[in-house]
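Beneath this line is the structure, given in structure tokens, with notes to follow.
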Amino acid sequence: MNNSLLLSCEVWMHLADINEHAVTRYKVIIVQMKVAENVNEEFKRSNQIAWVRAMNSISNRAEEIVRSEIVYRSE
């Protein structure tokens, strides 16, 4: 990494942009997966343990997708 980038704060701004994009993409994926898998408030009320299990699974998969699409992307 170039010292001039570090000193000019460009790296930090770039990392902040990547983080913002990753968080936004993560939230979108979560919503899409919840709809696709019918993980909703009714399911939560009827079976909380299964809902937590499903949400953990969705969260883990969404995180992996974001990592592969944004964080580990090779340019």
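Of the residues M1, M13, which is modelled with pLDDT under 95 and in a helix (DSSP H, G or I)? Answer to the selection: M13. Filtering the range 32-48 to residues that are surrounded by fewer than 12 Cβ atoms within 10 Å (Cβ to Cβ) and either assigned to a helix (DSSP H, G or I) or among the aromatic types (F, W, Y) (or both) leaves V35, A36, E41, E42, R45, S46, Q48. Filtering the range 62-75 to residues that are open to solvent by less than 90 Å² (accessible area, probe 1.4 Å) and within 9 Å of the chain's Cα centre (by Cα) leaves A62, E63, I65, V66, R67.
The values are calculated or read from the model by the stated rules, or taken from the named source; none is laboratory data. It should be emphasised that the depicted structure is a prediction, and the values quoted were computed from it without experimental measurement. Every residue, glycine as well, gets a Cβ built from its backbone with ideal geometry; the counts of neighbours run over all protein chains shown. Areas reflect the complete protein model, heavy atoms only, side chains present, ligands, DNA and RNA absent. Shrake-Rupley method; radii C 1.70, N 1.55, O 1.52, S 1.80 Å.
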